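Bear in mind these aren't lab numbers, they're just calculated from the coordinates by the rules spelled out. Computed from a prediction, not measured in an experiment: that's the story for all the values here. Every residue, glycine as well, gets a Cβ built from its backbone with ideal geometry; the counts of neighbours run over all protein chains shown.
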Amino acid sequence: MSTEDTPEEFKKKLDALKPKKKKLAVPDGFLESAKSYEGKLEAIKIISEREKDRVILMFKKMLEPEPPRQHVEPPAKPVPKQPAKKKGMFGKK
């Protein structure tokens with residue numbers, strides 16, 4: 001940064017050096033437009049060739065083991081059930 005650069009000029013230079021966002025190499029609706037099983041299979045092959053890094057990350061996430069589940073202890077004393085009140089005919093005792 002030279003001494004003559006203003007903050008706005010410096011921000012413009014930084015923005016120019018930032019990596020550009022990569023556009024999706026596969027068009028929208030590419031898989032949906034394939035009508036047959038073979039067409040869908042071909043579309044998957046093309047997607048996996050163009051987006052190798054994303055496919056690898058997807059498989060890595062799928063193969064990661066699940067974190068262990070925490071065991072929940074049951075309560076020390078079971079809660080006693082209260083007997084149901086018996087009602088006579090028409091809801092009267």
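Listed peptides 6-18, 57-69 appear in the order 6-18, 57-69 once ranked by packing, highest mean of other Cβ atoms within 10 Å at the front.
A cut-off under 15 angstrom between Cβ atoms defines the neighbours of residue 10, and their net charge, with Lys, Arg +1 and Asp, Glu -1, is -1.
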